Amino acid sequence: MPAPYFDPETGYSYPGPTMVPLQYTPMIHDLEEALGSMILSASGWRKVYAVDGNEENPSPQLKPADRTLALGMADTFATFLKDTTKKSLLRVCVGLDSRFTGPALADGMVRVLLARGIEVDYLGIVAAPEIMAWVQTAGLHDGFIYVSASHNPIGHNGVKFGLGNGGVVGGAQAADLIARFKAVATDAVKAQGWITLASAVPASDVEPVLRSLPAARKFAARAYAALSDEILTLTAQAPLQKQRKAELAALVKSRGLGIIGELNGSARGLSIDKTWLAGLGVKVLTLNDQPRQFVHRIVPEGPSLDLCRQELEKAHALESEFSLGYVPDCDGDRGNVVFFDPAQGKARILEAQEVFALCVLAELAGLTYYSEAGTKVAVACNDPTSFRIDSIAAAFGATVARAEVGEANVVNKARTLRSEGWTVRILGEGSNGGNITFPGSVRDPLSTLGSLLKLLCLRSTPDKAGLFELWCQRSGQKAAYRPDYGLADIIATLPAWTTTPSSEDRAMLKIRGTDHGALKAAFEQSWTAQWQARKTRERQKSPGLVPLSGQDGKPGV
């Protein structure tokens, strides 16, 4: 077996310069079976990669057919990039979350990219917002490949493909990329060609890519910190950015705030969380912060936040400053929140929809606070986002625009709105608590925490209303405002809507079919018919109900 490469910064191992032999003759039925269990969508290409099919298996081994298809994915993406950019010389960034099968998948992809004449920056384990921030801001890369299955169990894995703007490929381009892959995925001759292509890459070409891994991750970390500062302060102007950040840090320090990050073995353990939050005057304590130190299921909702809630209560008992906690998913592109409620004397878990609602409230109020609001302000979100967002947006004169489920779809909706002259400060998928704050292009727990810090610390002064008071004024709840408010007081003023968390059993449905397009079409037809029958009855039951978004109360925008 070829010797592995050990990252000197972290001690983690990756496949070394010499390729682990893939002694496999592709067979059509193997490839069809491997492809048949894969979900291909704008949100990512995913399946259970664990060698025995057990979605909880931590084995790093891959089936030969799965390993071969990963080579085909990279080859398809290489052709796609060359066709869409019309460039002969390309540079691609590759990273992965902390799953066990990630290194083997990324190794083959790196080799195929090199074989196709593409320059590669390989970061190994890295948080998704970090690699995307580098791609977005450095202007060096034409695209990226991120190996991850996000919130799914550890035996799952997958791939997100992105462009040079730092965003995941979406819309028509995602459909094109998927169609290209499907057209070749079960071709045994082409599959043999991918194996030959990857196997022919000399170790001398791979070695410098691996040697540069620690430096590449440092570049990405610096880019991520700079972008996080811009997201926090609503400005790219360095002097103003520095001023606003210093003012917020002083307020945080004077208030005394501590945050617990229960990172659950995610890629965020190698990210900037501690240093960035400390730079804002926050006292930080992280737990399970070594990648692969998984202690509970990966999806950061419901019971997955119990440990953080318990640890926050312990920390608060020792130091009352500790009042917030967060838990990310495996790739670290979202994090949901717990907080200590003094009135109840215990920590509480926020539902994902509540997290997104608080961030929307904070950022829309922040536009007014910093005098950055334009004449046309919008919030972009996915279809399952609670309609409480419509009420919050309306209080600030903003419009809500909805897109189909999938982060890339929401990002593209926001980009379209901006091209039409709208200010889209915040967007995201409220159904999972993931918010994207401009100029970011991916869900990010640091953006979430930044919004909450501003909401808690940018308070009213004699000559200026703070964020919470602005919300109380705009929403017709002046009596709810008090100067010594806490997060529980803010939550109590949110519009009341009943939502079903996606982590609940009743929100989950096992689907046996594999044609997701047909499923969506059938569901939409059924839902539209039922909605037409029910909307009149629902309005009669609640005559004061605020009309839903869209003409004639039809769902969506």
Review point. Per-residue HN-Hα couplings for the range 19-35, Karplus 6.51 cos²θ - 1.76 cosθ + 1.60 at θ = phi - 60°, whole Hz, x for Gly and Pro?
Key: 5, 5, x, 10, 8, 8, 9, x, 10, 4, 5, 5, 5, 5, 5, 5, 6
Review point. Where Lys and Arg each count +1 and Asp and Glu each count -1, what net charge lies around I389 among other residues with Cβ under 15 Å from its Cβ?
Key: -1
Check your understanding: Which cross-chain or sequence-distant (5 or more) residues have an amide H under 5 Å from the amide H of Y5, H modelled 1.01 Å from N in plane?
Key -> Y14, G16
**Study point:** Given charges at Cβ of Lys, Arg, Asp, Glu: the chain dipole, positive-most of G406, S204, P17
**Key:** G406
Check your understanding: So which chymotrypsin sites (Phe, Trp or Tyr not before Pro) in the range 1-30 end up in coil per DSSP with only 15 or fewer other C-beta atoms within 10 Å?
Key -> Y24
Revision key, fill the gap. In debye to the nearest 20, the charge dipole size for the range 283-376, taken about the Cα centre with +1 at each Lys and Arg Cβ and -1 at each Asp and Glu Cβ, equals 80 debye
Point to revise | Difference of contour (0.36 nm per residue) and Cα-Cα distance, L519 to R534 | key: 3.2 nm
Revision key, fill the gap. When T196, T399 are ranked with the fewest other C-beta atoms within 10 Å first, the list becomes T196, T399
Practice item. Taking H placed 1.01 Å from N in the peptide plane, check which residues at least 5 places from K283 or on another chain put their amide H under 5 Å from its amide H. Key: L257, G258, I259
Check your understanding: Label-point separation (nm) for V189 and D489, each offset 7 Å from Cα along Cα-to-Cβ?
Key -> 7.3 nm
Revision key, fill the gap. Cβ density ranking, 10 Å radius, fewest first, applied to R334, R482, R309 yields R482, R309, R334
Point to revise | Neighbourhood charge, 14 Å Cβ-Cβ cut-off, centred on A465 and excluding it, Lys, Arg +1 and Asp, Glu -1 | key: +4
Exercise for review: Would you mind pulling out the separation of the Cα centroids of the range 67-121 and the range 301-347, in Å?
Suggested key: 38 Å
Point to revise | Stokes-Einstein diffusion coefficient of the range 158-271, Kirkwood radius over Cα pairs, 20 °C, 1.002 mPa s, in µm²/s | key: 111 µm²/s
**Study point:** Nearest-20 debye value, the range 26-124 charge dipole, Cβ charges on Lys, Arg, Asp, Glu
**Key:** 500 debye
Exercise for review: Please report, in Å, the Rg and the Dmax of the range 234-492, where both are computed over Cα atoms only.
Suggested key: 17.4, 52
Revision key, fill the gap. Which of (1) 22; (2) 60; (3) 14 gives percent of Cα pairs over 46 Å apart as computed here? It is (3)
Practice item. Just rank I491, I260, fewest to most, by other beta-carbon atoms within 10 angstrom. Key: I491, I260
Check your understanding: Summing +1 for each Lys or Arg and -1 for each Asp or Glu, what net charge is found among the other residues whose Cβ lies under 15 Å from the Cβ of G143?
Key -> +1
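All of the numbers you see were taken from the coordinates with simple rules; none came from a lab. Computed from a predicted structure; not experimentally measured. Please note: Cβ atoms are built from the backbone with ideal geometry, for glycine as well, and neighbour counts cover all protein chains shown.
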